[in-house]
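Remarks on the structure that follows.
None of the figures in this text is laboratory data; all of them are computed from the coordinates on show. Since this is a predicted model, take the numbers as computed values, not measurements. Cβ placement follows ideal geometry from the backbone for every residue including glycine, while neighbour counts extend to all protein chains displayed.
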Amino acid sequence: MTNEYFNIKDTCRKGLLKYLGKAVSAIPEMKNPSILDIGCGTGVPTLALAEMFNGDITAVDSDARSIRWLEEKVRELNLSHRITCLNVPFSGLAIEDSRFDIIIAEGFLNAVGFRKGFLKLLKLLRENGYFIIHDDLTHFKEKTSFITANNCVVPDSFRLNEQVWWDDYYKCLEKEIARVEDKKLAELFTPDMQEIKEYKKNPSRFTSAYFVIKKTG
């Protein structure tokens, strides 16, 4: 796995950061919050959060290659005193309850199960803390009801339609992959090209939603 592969993916992933920024804007100003970025991947949102807030960030992902790449970027940006990177599976995550002021889960609950993941992460959030979830759009009303049934309120939520995913991510990725001349590097993008193919076949499947959640008790 080369740095160039990660560079290309990160470049295109940054196109979606404005929506994280929109979600974060619904959170009242906090002084030096403690933040968890769960399922951080290569840390594009993690580094954006470091610019938005002055607090400390714990970035967690089960993929060792992604975490190593994030650690490299953190060192280059001299952020090691603020960002802690953990390469652990969700099942092995051992963090004291009520540890964080803000938790970010970008696509993570879709992978581990919305209800199971939500309840486990909610324990790590302090009372009156905020939980930002980016998840697929399916069962939107049911998810909202489940959230509010667990001592939380939803001050804001919004949806990203299929055009957003094309304009702000897949179009960039397709263009960048087309520029790759190295055969071995190009092969690394095979899953991404398949994903783009699936998007073009059925764009309506590629919709998502942000939930801005406040823990009230």
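Max-minus-min Cα coordinates of the stretch 1-50 on each principal axis give 39, 20, 15 Å, with the largest extent listed first.
Among 155, 64, 189, which residue has its Cα positioned farthest towards the positive end of the charge dipole of the chain, with +1 placed on the Cβ of Lys and Arg, -1 on the Cβ of Asp and Glu, and the dipole taken about the Cα centre? With unit charges placed on the Cβ atoms, the residue in question is 155.
Evaluated with a Cβ-only charge set (Lys, Arg +1; Asp, Glu -1), the chain carries a dipole of roughly 420 debye about its Cα centre, given to the nearest 20. When the alpha carbon coordinates of the chain are projected onto the principal axes, the ranges are 54, 40, 31 Å, largest first. Show me, bin by bin at 5 Å from 0, the whole-percent P(r) of the stretch 89-149 based on Cα pairs. Reading the bins upward from 0: 4, 17, 29, 29, 15, 6, 0.
Let's see if you can work this out: charge +1 on each Lys and Arg Cβ, -1 on each Asp and Glu Cβ, no other charges. What is the dipole magnitude of the stretch 1-58 about its Cα centre, in debye to the nearest 20? Could you put the intermediate results ahead of the total?
On the way: 6 positive and 6 negative charges, 45 e Å.
For the stretch 1-58, the charge dipole is close to 220 debye.
Which of the residue pairs 9/171; 22/200; 18/175 have a Cα-Cα distance greater than 23 Å in the structure shown? Violating the 23 Å Cα-Cα cut-off are 22/200. The angle between the Cα long axis of helix 190-201 and the longest principal axis of the Cα atoms of the chain comes to about 80 degrees, rounded to the nearest 10.
What shape does the stretch 27-69 take by its C-alpha gyration tensor, where a ≥ b ≥ c are the square roots of the eigenvalues and a/c under 1.5 counts as rounded, a/b above b/c as prolate, and the rest as oblate?
Details: a/c = 2.88, a/b = 2.38, b/c = 1.21.
Prolate.
Put a plus charge on the Cβ of each Lys and Arg, a minus charge on the Cβ of each Asp and Glu, and nothing anywhere else: the dipole of the stretch 36-81 about its Cα centre is then about 100 debye. Mean projection of the Cα convex hull over all viewing directions, computed for the stretch 146-217: 6.7 nm².
Given the stretch 1-144, what percent of its DSSP beta bridges are antiparallel, to the nearest 5?
Details: 0 of 19 bridges.
Among the beta bridges of the stretch 1-144, antiparallel pairing accounts for roughly 0 percent.
Close amide H contacts of residue 99 (hydrogens built in the peptide plane, cut-off under 5 Å, sequence separation of 5 or more or a different chain): 125, 126. Cβ screening of the chain for cysteine pairs under 4.7 Å finds these without a partner: 40, 85, 152.
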